[in-house]
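Engineer: Structure provided below as structure tokens; questions to follow.
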Amino acid sequence: DAQGVMLALGIIGWSGVVTTAYPTWAQSYGQRSVSAAAANVIYTTQPLWSALFARLVLGETLGERGAMGAAAIMSALMLVAADSFSERESTKSKATDTSSATKEL
């Protein structure tokens, strides 16, 4: 029937545009303004966002394994952020030392 066909076309359109084409475009657009490392950290959080939206929209709950996975992802993100921060501080320190040495000459 015509109503079923229209529903199927709507679902196909939604799947093609909203869940595939737009996210791919948005990802490509966003990656232009961040480093590869930052993009990797951001994309690593995707399962966490999916779980959050599933909770908010569908009322889903996170099981024990899901909670353990979320904790593992968050731990990894904290390690990467801490490493990135220490690298940045080390680079600043080296730049300051170099400029001080240059002034003394």
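Engineer: As a check on your grasp of the helix formula, calculate [θ] at 222 nm for the chain: sum -39500 (n - 2.57) over DSSP H runs of n ≥ 4, divide by the residue count, round to the nearest 500. Don't skip to the answer; put the middle values down first.
Structural biologist: Numbers: 5 runs with 88 residues, N = 105.
That comes out to -28500 deg cm²/dmol.
Engineer: To continue, here is another question. Counting only heavy atoms of the protein chains, get the accessible area per residue of the chain (1.4 Å probe) and round it to a whole Å² value.
Structural biologist: For the chain, the per-residue accessible area is 83 Å².
Engineer: Also, I was wondering about something else. Using a 1.4 Å probe over the heavy atoms of the protein chains, calculate the carbon and sulfur portion of the accessible area of the chain as a whole percent.
Structural biologist: The computed percentage sits at 66.
Engineer: Express the Stokes-Einstein translational diffusion coefficient of the chain in µm² s⁻¹, to the nearest whole number, given a Kirkwood radius over alpha-carbon pairs, 20 °C and a viscosity of 1.002 mPa s. Intermediate results must be reported in sequence, preceding the final value.
Structural biologist: Details: Rh = 18.1 Å.
After rounding, the answer is 118 µm²/s.
Engineer: Between helix 22-31 and the chain, what is the angle of the helix's C-alpha long axis to the longest principal axis, kept within 0 to 90° and rounded to the nearest 10?
Structural biologist: On a 0 to 90 degree scale, this one is about 0.
The values are calculated or read from the model by the stated rules, or taken from the named source; none is laboratory data. Note that the coordinates shown come from a computational prediction; the quantities given were computed from them, not determined experimentally. Protein only, heavy atoms only, side chains kept; ligands, DNA and RNA dropped before computing areas. Shrake-Rupley method; radii C 1.70, N 1.55, O 1.52, S 1.80 Å.
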